[in-house]
Amino acid sequence: MSKFFLRAAVAVVISVGASWASAQSSYPIKVGLMLPSSGTFANLGKDVMDGFKLYVTEQGGKLGGRPVEYIALDDESDPSKANENANKLVKRDKVDVLIGTIHSGVAATMAKVARETNTLMIVPNAGAGEITGSMCAPNVFRSSFSNWQPGYAAGLLAAKKHKTAVTISWKYAAGNESVKGFREGFEKGGGKVLTDLNLPFPGVEFQPLLAQLATIKPEAAYVFVAGAAQVKFVKDYAAAGLKTSIPLYGAFITEGTLAAQGDAAAGLLTTLHYADGLKNPKNDKFMAAYTKAYGAAPNVFGVQGYDAAQMYDVGLKAVKGDTKKKAEIYKAIEISKIDSPRGPLTFSKSHNPIQDFYVRVARGNQNVMTDTIVKGLVDPSPDCKL
Ligand code: BEZ
């Protein structure tokens, strides 16, 4: 081949490559949002979605320099539909990333689909231990917490004042793991959990459990129920006259629902990785932007959604939006340090957040931070072999 033809051929290859790259960068990233928009966790799903979309809007509607197309699906917090729903997003809609969900059982099934298909998944709430434990995978991350984390923090807090406690929870992964975390923290602080009372998810027949609690008379109680049901729980607890006799601790029990819970929630102590009005420059900006966009102050679920989008953006920017470079995307997220409204956010080897847990007291419509109960809490994840 003459020098002329060789140069011409190289020029064609370069220009085809360049136009492929520019075509690829104007082609939208497909974001699969598998969240509940019905049932007891509907509000939590909306808050996560709002947080995610706020971050994307702040980036001019782009992630990793590419426009974003959302494909949203109501998972109904129903584990029996999770496999079909996740497969619809991955195989039919060919999403680039799975974002979801709230319910631990649904998220665990999503994670199986994500693993089998090597699809990036970022969990913006569900705390199921196995997702970053025995089932951990290079392509699965969490922007939220493991169920053990907030429960453990609450146990440490309750043990500062009480020697005995009873736990109340929904009988599914999140409830079981949350009370396990509480028990561990409470026992570490010298306390003893007398018994675990539970009811099926998403039941709200709390009266028989509260009657048992009153009979057992522990020094304190810890509860894990969430979403719309937590409004009823807190009101039932106060109406049963237990609020003053058996101090109640929780993690999520007042999150996003204080207006509906009213006086029944006043003074309740909770432990989470976010608090209303947390003081740091990122949160100042986030609170202002979120409130402007949605007309309400953000809560922990909005933060987790916002950070899921930040995490994906970090991964995509590392490969200039080239979604085929999967391993590089995963590595970039794994080693990232996210400037989160909750404070700096990094990830453990199992891809679970390493984060501070705050003590919050319910005052009016706010869960106000009073202290940090544990700094840089890492989920031990002994079963994760990454
Ligand atoms: C869960 O199922 O993991 C969960 C649901 C709501 C709040 C916290 C955890």
Filter result for Thr244 (touching a residue at least 60 places away in the same chain (Cβ under 8 Å) and of a type in the set (S, T, N, Q)): no
The one condition in (1) more than 30 Å from Ala220 (Cβ to Cβ); (2) more than 16 Å from the ligand (Cβ to nearest atom); (3) part of a loop (DSSP other than H, G, I, E, B); (4) not β-branched (Val, Ile, Thr) that Lys161 fails to fulfil: (1)
Residue in segment 51-64 that is closer than 30 Å to Trp170 by Cβ, at pLDDT 95 or above and basic (Lys, Arg) present: yes
Residues within segment 232-245 that are within 24 Å of Gln149 (Cβ to Cβ) and touching a helix residue (DSSP H, G or I) at 6+ places or on another chain (Cβ under 7 Å), tallied: 2
Helices (runs of 4 or more DSSP H) contained entirely in segment 29-129, each with at least 3 residues that are within 12 Å of the ligand (Cβ to nearest atom) and surrounded by 19 or more Cβ atoms within 10 Å (Cβ to Cβ): 42-58, 104-117
Qualifying helices (runs of 4 or more DSSP H) (wholly inside segment 177-254; at least 2 residues being among the polar types (S, T, N, Q) and under 27 Å from Ala275 (Cα atoms)): 242-245
Residue in segment 234-265 that is nearest to the chain's Cα centre (by Cα), counting only those that are within 13 Å of the ligand (Cβ to nearest atom) and over 21 Å from Leu156 (Cα atoms): Gly256
For Val166: the one exception among (1) aliphatic (A, V, I, L, M); (2) outside any helix (DSSP H, G or I); (3) surrounded by 24 or more Cβ atoms within 10 Å (Cβ to Cβ): (3)
Test: residue in segment 220-231 that is more than 16 Å from the ligand (Cβ to nearest atom), surrounded by 17 or more Cβ atoms within 10 Å (Cβ to Cβ) and over 20 Å from Glu255 (Cβ atoms): no
Within segment 303-340, tally of residues that are of a type in the set (D, E, K, R) and closer than 21 Å to Ala126 by Cβ: 2
Pairs where the first residue, in segment 87-106, is assigned by TED's automatic domain parsing to the domain that holds Asp307 and the second is of a type in the set (Phe, Trp, Tyr) and more than 16 Å from the ligand (Cβ to nearest atom), C-beta under 7 Å, 6+ apart: Val97/Tyr312; Ile99/Phe52
Residue within segment 341-357 that is touching a Leu at 6+ places or on another chain (Cβ under 7 Å), among the hydroxyl-bearing types (Ser, Thr, Tyr) and either assigned to a loop (DSSP other than H, G, I, E, B) or free of Cβ contacts under 8 Å to residues at least 40 places away in the same chain (or both) present: yes
Yes/no for Gly190 being buried (at least 24 other Cβ atoms within 10 Å of the Cβ) and either away from the ligand (no atom under 12 Å from the Cβ) or modelled with pLDDT of 95 or more (or both): no
Residues located in segment 319-340, provided they are hydrophobic (A, V, I, L, M, F, W, C) and touching a residue at least 24 places away in the same chain (Cβ under 8 Å): Val319, Ala327, Ile329, Ile333, Ile338
Contacts under 8 angstrom Cβ, first residue in segment 26-54 being at positive phi, partner of a type in the set (Lys, Arg) and buried (at least 18 other Cβ atoms within 10 Å of the Cβ), 6 or more apart: none
Residues of segment 240-291 that turn out to be loosely packed, with under 15 Cβ neighbours inside 10 Å and of a type in the set (Lys, Arg), as a count: 2
Selection within segment 193-207 - crowded, with 18+ Cβ neighbours inside 10 Å and within 13 Å of the ligand (Cβ to nearest atom): Phe201
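So that you can scan it fast, the table gives a plain yes or no per residue for (1) modelled with pLDDT of 95 or more; (2) among the hydroxyl-bearing types (Ser, Thr, Tyr); (3) within 22 Å of Phe41 (Cβ to Cβ); (4) in contact with a strand residue (DSSP E or B) (Cβ under 7 Å, 6 or more places away or on another chain):
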| site | (1), (2), (3), (4) |
| --- | --- |
| Ser144 | yes, yes, yes, yes |
| Pro150 | yes, no, yes, yes |
| His162 | yes, no, no, yes |
| Leu209 | yes, no, yes, yes |
| Ile216 | yes, no, no, yes |
| Tyr222 | yes, yes, yes, yes |
Residues that are crowded, with 24+ Cβ neighbours inside 10 Å and more than 10 Å from the ligand (Cβ to nearest atom), drawn from segment 137-147: Val140, Phe141, Arg142, Ser143
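The values are calculated or read from the model by the stated rules, or taken from the named source; none is laboratory data. In this text, all values refer to a predicted model and were calculated from it rather than measured experimentally. Counting neighbours? That spans all protein chains shown, and the Cβs are built from the backbone with ideal geometry, glycine included.
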